[in-house]
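Report on the following structure.
Read-outs throughout are calculated quantities, based only on the coordinates presented, and are distinct from any laboratory measurement. Quick caveat: nothing in here was measured; it's all calculated off a predicted structure. Here the Cβ positions follow ideal geometry from the backbone for every residue, glycine too, while neighbour counts run over all protein chains shown.
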């Protein structure tokens, strides 16, 4: 009785021992590799719109700054900021006294010139009559030639004096016109129909005219019926922007509304440089800026919104490129890895030995040719290897429970997807998350486990 | 002539049978695996001895500590634990109890102060406590089941001896689970139906139920039932029914109230 019992015990221990030993051997000799939890998606086709986002301000398309041409004191300012004005409405008057005096002075000069002209005319008539009379005497041999020449010369002088007087009259007349014009410039009317969006001067202030210098900017009139967004775009993005591109606009003051627009102009030079700029540098700073190089882009707003005010902040999303039904992957799928190229060292061909000798070592020894040529080829290959270890855009393709690093060529992107121009096919399963796994942990051949997505509703317990 | 009957020989008084030598502790520890009935018979017949439960519990605790150290040395296991921690924090963010910034900060603190070494130390400490608590708890259960359902009385220390010796089964289970976890690279890889699930999720009740169907736990429970039967002199069938009923109810309760992970 005891024997079967003993045998049974031995059998149980043997079975347990075998199982434990087998499992231990498997555990010890099994290759261990970390298993990385990832999420996956399939490569699919989507339509993409590449967007360039830029910030700027709302400004009227037509905006005129009123500066006087003549200097003086403002004596009348019948408008106020925010007022609508029509073309031709009186904006302001500058004290005309000085200019009236100038007109009177010019007028007096003109009349004096006229009188001088009359005198010259009378002198010419007298000299002409004397000439005619003495010509008859000279022809009748009753006057000497020398005397006759004197009368002739007197007539010519009188004629020249008349011409000079006539010119002086013209000069005086022009002076009168100039003075009158200066006088007229003391009254400034609106050159356009619009709204006074800024008024910088008051009655009684002395303003400088633009004749002498830059001139005082008294007010700004804007046509608020045509509004544009002036945004600043970085130099990396401006090359893809062109007039005619559609734009989505978001004005900070109208958060719940979306506006649309069209690009109308792109600056030729960066903000702050000024020279040859397409647009007047309203935002240009003085001197060289330490900030990023930016270019101004103008976008005409399609919608009319009376509540727009110049200077309102706006964010523009300019649609620069479109792709329809392009092969795409989620943004988080694409990362960079230094890729090692497949270095292939071709053995030197015996048929081409002489050519390689002359190109490589210059030796004529056949025995040493292959080694030298091979060495040069390998050296250049090694040099290529080191130079080729550059970060490359890659995607991790799922192959069973491992991943394979696949270099890809990416195109445009939108908020969610990258276009894949080369490297993947439709329907391939690729790693789309987690962020740490894709960005850092995954390598070629890494073992993975597809885990549930970390976003979304938790699984309901059955 | 008288004939005399031969006097039948006086039977020699048979010497009293010498009692079977007490099973050494090592024998008890081995036999509880292959012949637990014999072990518990001796337990019932002999006075309580501390070594009968203390040594197995210490072996269980040491095995648990070694198991934890081995598991936390596995990169795959550490990754699994880290993923679970991230998932738990993500759930808090989804429920609005935590912001994303707080989650990122918590992850940084966890990565910095709750690395594998710290987790292994704290896990080992917990394992030692659990070893003792589980034996005493099972002893209490056996004692109460004996009193209430089998209408018998035995001392609590006897129950402790039974539960302590039965914990050797759990030591085997620990070794098996550790080896399977290392081979498969999964944290929850005991000899149970959970092996059929490729992506075991301790938050799912269905997965926990599969994990509870563990060969070693069933074996351990059966050994305890046998021990109860021996101590209470009750039919083994009755003891098995009573003990297994308790075990099933306890597992279901733990899973229902969200503590199913402790049952694995």
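A few points about this structure:
- Estimated inter-spin distance, residue A:258 and residue A:136, nm [label 7 Å along Cα→Cβ]: 10.3
- Here each label is just a point 7 Å from Cα along the line to Cβ, and for residue B:137 and residue A:435 those points are 3.9 nm apart.
- Between residue A:8 and residue A:246, full extension at 0.36 nm per residue minus the direct alpha carbon distance yields a gain of 77.1 nm.
- Backbone N within the stretch B:28-56 under 18 Å of label point (7 Å from residue B:153 Cα along the Cβ vector): B:48
- Per-residue Cβ neighbour counts within 10 Å put A:417, B:130 in the sequence B:130, A:417, beginning with the fewest.
- Tail fraction, Cα-Cα pairs, the stretch A:1-100, threshold 23 Å, whole percent: 73
- Helix axis angle, B:36-45 relative to chain B longest principal axis, alpha carbon, degrees: 60
- Computed over the stretch B:161-264, the ratio Rg/Rh where both radii use C-alpha atoms and Rh is Kirkwood: 1.01
- Segment residue A:105..residue A:122, full-extension length gain: 3.5 nm, with 0.36 nm per residue of separation and the alpha-carbon distance subtracted.
- Computed over the stretch A:128-255, Kirkwood Rh from alpha-carbon pairs, angstrom: 23.3
- Remark: C-alpha extents of the protein assembly as shown on the principal axes read 245, 89, 40 Å, sorted largest to smallest.
- Förster radius 60 Å - calculated FRET efficiency between residue A:61 and residue B:107 (Cβ-Cβ, nearest 0.05): 0.70
- Considering all C-alpha pairs of chain B, those separated by over 26 Å amount to 52%.
- Mean Cα-pair separation over length for chain B, i.e. relative contact order, pairs under 8 Å, 6 or more apart, %: 23
- Acute angle (nearest 10 degrees) that the helix B:100-113 long axis makes with the longest principal axis of chain B, alpha-carbon atoms: 50
- Take the convex hull of the alpha carbons in the stretch B:106-223; its mean projected area over all directions comes to 9.4 nm².
- Each of B:151, A:152, B:28 was scored by other Cβ atoms within 10 Å of its Cβ. Arranged with the fewest first, they read B:151, A:152, B:28.
- Sequence of A:45, A:7, A:300 once ranked by neighbouring C-beta atoms within 10 Å, starting from the fewest: A:7, A:45, A:300
- Rg over Rh, two decimals, the stretch A:192-248 (C-alpha only, Kirkwood Rh): 1.18
- Its relative contact order, with pairs defined as Cα atoms under 8 Å and 6+ residues apart, puts the stretch B:135-246 at 27 percent.
- Largest mean-square fluctuation among B:212, B:166, B:35, in a Gaussian network model of chain B whose springs join Cα atoms under 10 Å apart, belongs to B:35.
- If both residues of a DSSP beta bridge must be in the protein assembly as shown, then about 95% of such bridges are antiparallel.
- Mean separation of Cα contacts under 8 Å, 6 or more apart, over the residue count of the stretch A:1-128: relative contact order %: 14
- For the peptide B:178-185, the mean number of other protein chain Cβ atoms found within 10 angstrom of a residue's Cβ is 5.
- Take the Cα of residue A:339, step 7 Å toward its Cβ, do the same at residue B:7, and the gap between the two points is 11.5 nm.
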